[in-house]
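*Asks:* Here it is, the structure in full.
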Amino acid sequence: MLAKQPNMQVVAEAGDGLYAIQAVKTHSPDVVLMDVTLPMLDGIETTRRIKFILPNVRVIILTMHEVESISGAAHGAGACRCLPKGCSPKEITEAIMTAGI
C-alpha cells in the first residue's frame, strides 16, 4: 500500500525489534511504522531505542490491542502516534504525512 504512494518510499521491513533497529541505523528513515507486538524486542522498547539512536525519526505505533492501553507507553517511548491495526489505509497514510508536523 505505501509503496504505491507517489510521495513515499518504503526503504526496509523488519520482522523483529532488533532488525528494526538495525534497519533504522542503515536507512535513517523519516518515519517508522512499528508493530507493538514483535519478537525479540517489543515495539515499545524498540521505539525507545530507535528514538535514542535517531531522535528525529518519527515512530507511529500500530497495535491490535486497545489503543488507549498502549498509547501512554507508546508516547512515553517517543512515538508520535498510536493507531489500531484495523484503521484504514487512508488513516495510516495521513498519519505518516502529518508525523513531522
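*Asks:* Can you spot a residue in region 70-80 that is under 25 Å from ASN7 (Cα atoms) and of a type outside the set (Gly, Ala, Ser)?
*Replies:* Checked region 70-80: at least one residue is under 25 Å from ASN7 (Cα atoms) and of a type outside the set (Gly, Ala, Ser).
*Asks:* If you don't mind, another one. Can you confirm whether THR26 is among the hydroxyl-bearing types (Ser, Thr, Tyr) and within 22 Å of MET1 (Cβ to Cβ)?
*Replies:* Against the criterion (among the hydroxyl-bearing types (Ser, Thr, Tyr) and within 22 Å of MET1 (Cβ to Cβ)), THR26 does not qualify.
*Asks:* A further question on this structure: If I ask for residues that are surrounded by fewer than 18 Cβ atoms within 10 Å (Cβ to Cβ) and either assigned to a loop (DSSP other than H, G, I, E, B) or in contact (Cβ under 8 Å) with a residue 40 or more places away in the chain (or both), which ones from region 45-77 would you list?
*Replies:* Selection gives LEU54, PRO55, ASN56, MET64, HIS65, GLU66.
*Asks:* Right, here's the next one. Taking the condition among the β-branched types (Val, Ile, Thr) and either touching a strand residue (DSSP E or B) at 6+ places or on another chain (Cβ under 7 Å) or outside any loop (DSSP other than H, G, I, E, B) (or both), does THR37 pass?
*Replies:* No; evaluated as a whole, the condition is false for this residue.
FYI, it's all coordinate maths here, none of it is from the lab. It should be emphasised that the depicted structure is a prediction, and the values quoted were computed from it without experimental measurement. Virtual Cβ from ideal backbone geometry, glycine too; neighbours counted across all protein chains shown.
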